[in-house]
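Written out below as structure tokens is the structure these notes cover.
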Amino acid sequence: METKKLENKHRSIAYYIDGTKCSHKILLFLNGLYVGNTSWIKQKRYKYFRDNYKIIFMDYPGVGESIEKTADNYGMDDVVDIIRSILDLEGDGFEECNLIGYSVGGMISLRFMYRFPDCIQKLVLLNTGADVDEVIANKIYDITKRLLTCEESLESIFKSVYPLHHSSEYLEKVKDMENKIIEAYVKYNKDRIALGKFLKSIRNRPNLRESFKKIKIPTLIIGADEDKIFDHKYQDELVDNIEITEYHNIKACGHSSYIEKYREINKLMENFFRKQY
């Protein structure tokens with residue numbers, strides 16, 4: 001995998017190229033909070049993706065290998081502009097670009113489609129929605145405050161949110177690895193102030209429902225029956241309002257479906273990308 005940097009006066013953005021780098025077909029993966037391209041390891045290794053697509057991942061502003069150069073706040077549209085800049089750099093002459101957005105990455109994908117509806121040929125929305133319920137919104141606000149006050153360790157903060165991301169069955173399965181997972185969260189989000197700024201940009205997002213009418217491309221929507229963050233009503237709203245959709249609800253699975261049920265998710269995505277609409 002090749003690491004590249006996008007530089008401007010505000011920040012340095014790290015992004016990563018994998019798969020078949022000479023392909024004119026692109027898969028752009030947008031991850032959720034607290035984790036980066038390593039969370040997509042089962043997708044990186046999936047033969048159909050690896051052999052047929054140039055695969056792109058990125059670190060959001062201030063997390064992973066991305067660096068904030070100023071203390072200025074920014075908005076979701078700034079993140080969208082970064083994504084468009086990466087595609088402009090890496091997508092010259094591409095035949096198709098497919099966008100896969102998970103959780104917060106799905107929300108950013110919706111905004112990207114509002115801004116640049118003609119840039120993407122197929123869209124995958126994993127465990128996401130145009131909004132989150134008040135309880136989750138308040139948790140994000142609480143985490144932001146805890147990050148910015150610097151009075152609590154990152155380990156403590158991430159231990160409080162980690163269980164939200166998985167089903168009880170999966171948490172039991174990986175309980176011996178929990179400390180290593182929390183360590184990875186801390187390492188990836190070492191700049192707590194920058195992470196707080198990113199969470200602010202998500203909290204202060206524009207109305208993502210405005211995106212629905214702009215999405216005219218085939219869209220695969222995947223939810224999970226034990227998702228504690230985006231339950232099925234958020235996927236139902238997407239299905240009801242986006243023109244061309246295919247919907248799957250994954251059983252016995254939590255919020256991180258592409259990790260817990262990666263075989264099923266990868267096959268659903270492969271079938272979707274192969275299908276002619």
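Taken together, the values in this text are just the output of simple stated rules run on the coordinates, not laboratory data. Just so it is clear, the model here is predicted, and its values are computed rather than measured. When we count neighbours, we look across all protein chains shown, and the Cβ atoms used for this are built from the backbone with ideal geometry, even at glycine.
Some notes on this structure:
- Global form of the stretch 131-237, assessed from the alpha-carbon gyration tensor, a/c cut-off 1.5: oblate
- Pair residue 177, residue 115: separation of 7 Å Cα→Cβ label points (nm): 3.4
- Of 173, 267, 190, the one that fluctuates the most in a GNM where the chain has Cα springs shorter than 10 Å: 173
- Here r is the Cβ-Cβ distance between residue 3 and residue 148 and R0 is 25 Å; the resulting FRET efficiency, rounded to 0.05, is 0.30.
- Cα gyration tensor category, rounded, prolate or oblate, for the chain with a/c compared to 1.5: rounded
- The gain in end-to-end length when the residue 249 to residue 138 segment is fully stretched comes to 37.4 nm, 0.36 nm per residue minus the alpha carbon separation.
- Dipole magnitude of the stretch 2-274, debye to nearest 20 (Cβ charges: Lys/Arg +1, Asp/Glu -1, about Cα centre): 480
- GNM on the chain, alpha-carbon springs under 10 angstrom: the most fluctuating residue among 92, 18, 231 is 92.
- Within the stretch 114-142: backbone nitrogen closer than 13 Å to the residue 214 label point (7 Å, Cα to C-beta): 114-120
- Each of 12, 104, 229 was placed along the dipole of the chain (beta-carbon charges, centred on the mean Cα), and the one lying farthest toward the positive end is 12.
- If you plug the beta carbon distance of residue 275 and residue 41 into 1/(1 + (r/R0)^6) with R0 = 30 Å, you get a FRET efficiency near 0.75.
- Distance between the pseudo-spin-label points of residue 95 and residue 164 (7 Å out from Cα toward the beta carbon): 4.1 nm.
- Using C-alpha pairs under 8 Å with a sequence gap of at least 6, the mean separation divided by the residue count of the chain gives a relative contact order of 21 percent.
- GNM on the chain, alpha-carbon springs under 10 angstrom: the most fluctuating residue among 159, 122, 175 is 175.
- Residue by residue, the stretch 165-176 carries 3J(HN,Hα) couplings of 8, 9, 6, 4, 5, 5, 4, 5, 4, 10, 4, 6 Hz when phi is fed to the Karplus relation 6.51 cos²θ - 1.76 cosθ + 1.60 (θ = phi - 60°); x denotes Gly or Pro.
- Fully extended contour minus Cα-Cα distance, from residue 69 to residue 48, at 0.36 nm per residue: 3.7 nm
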